[in-house]
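Visitor: This structure is in structure tokens; I'll ask about it shortly.
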Amino acid sequence: IPVHIEGSDFSLKVFKEMSKIPYGKTKSYKQVAEKIKQPKSARAVGRVSGSNKIPIIIPCHRVICSNGKLGGYSGPGGISEKRRLLKNENNETKF
């Protein structure tokens, strides 16, 4: 689906990388930071993820903490919805 997203260069890189996470898979905030060549910016990746206005198109629910915990979810339904979305995708990680 073509979308026009506005934001800082950093935000656009994060959104692009999150969009590459396949259905049923997850990546950590740290892994996303490493993929965009900013390995010390995991927290900033989390802030960008929380600002995502189109969470089903840009699947921010697929980004979790390095320790396997879910982290946060600013979409409707909060963390319960993030858990439901991941379970619905038959995610490899059990929450």
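The values are calculated or read from the model by the stated rules, or taken from the named source; none is laboratory data. Since this is a predicted model, take the numbers as computed values, not measurements. All Cβ positions, even for glycine, are placed from backbone atoms using ideal geometry, and neighbour counts span all protein chains on display. The accessibility values were calculated without ligands, DNA or RNA, using every heavy atom of the protein model including side chains. Shrake-Rupley method; radii C 1.70, N 1.55, O 1.52, S 1.80 Å.
Visitor: For S80, are the conditions met, namely being modelled with pLDDT of 90 or more and either touching a His at 6+ places or on another chain (Cβ under 6 Å) or open to solvent by 40 Å² or more (accessible area, probe 1.4 Å) (or both)?
Guide: Yes: the conditions hold for S80.
Visitor: Kindly provide the set of residues from region 48-82 that are over 18 Å from P22 (Cβ atoms), assigned to a helix (DSSP H, G or I) and under 10 Å from the mean Cα position of the chain (by Cα), ordered by number.
Guide: Result: V48, G50.
Visitor: Next question, about the same structure. Which condition from (1) open to solvent by 30 Å² or more (accessible area, probe 1.4 Å); (2) within 14 Å of the chain's Cα centre (by Cα); (3) among the charged types (D, E, K, R) is the one that D9 breaks?
Guide: (2)
Visitor: Tell me, please, whether a residue that is open to solvent by 30 Å² or more (accessible area, probe 1.4 Å), touching a strand residue (DSSP E or B) at 6+ places or on another chain (Cβ under 9 Å), outside any loop (DSSP other than H, G, I, E, B) and on the phi < 0 side of the Ramachandran plot can be found in region 16-27.
Guide: Yes, because at least one residue in region 16-27 is open to solvent by 30 Å² or more (accessible area, probe 1.4 Å), touching a strand residue (DSSP E or B) at 6+ places or on another chain (Cβ under 9 Å), outside any loop (DSSP other than H, G, I, E, B) and on the phi < 0 side of the Ramachandran plot.
Visitor: Residues K30, K69: which one is open to solvent by 60 Å² or more (accessible area, probe 1.4 Å), in contact with a helix residue (DSSP H, G or I) (Cβ under 7 Å, 6 or more places away or on another chain) and under 26 Å from N88 (Cβ atoms)?
Guide: After applying the criteria, what remains is K30.
Visitor: So which residues in region 39-57 are surrounded by fewer than 20 Cβ atoms within 10 Å (Cβ to Cβ) and among the aliphatic types (A, V, I, L, M)?
Guide: Within region 39-57, A42, A44, I54, I56, I57 meet the criteria.
Visitor: Among residues belonging to region 83-92 that are in a loop (DSSP other than H, G, I, E, B) and either among the polar types (S, T, N, Q) or farther than 17 Å from Y23 by Cα (or both), point out the one that is most open to solvent (accessible area, probe 1.4 Å).
Guide: Restricting to residues being in a loop (DSSP other than H, G, I, E, B) and either among the polar types (S, T, N, Q) or farther than 17 Å from Y23 by Cα (or both), the top hit is N90.
Visitor: Mind checking which pairs have a first residue in region 16-36 that is among the small types (G, A, S) and a second that is part of a helix (DSSP H, G or I) and modelled with pLDDT of 95 or more, Cβ under 8 Å, 6 or more apart or different chains?
Guide: Here the result reads S28/A42; A33/A42; A33/A44; A33/V45, each pair linking region 16-36 to a residue that is part of a helix (DSSP H, G or I) and modelled with pLDDT of 95 or more.
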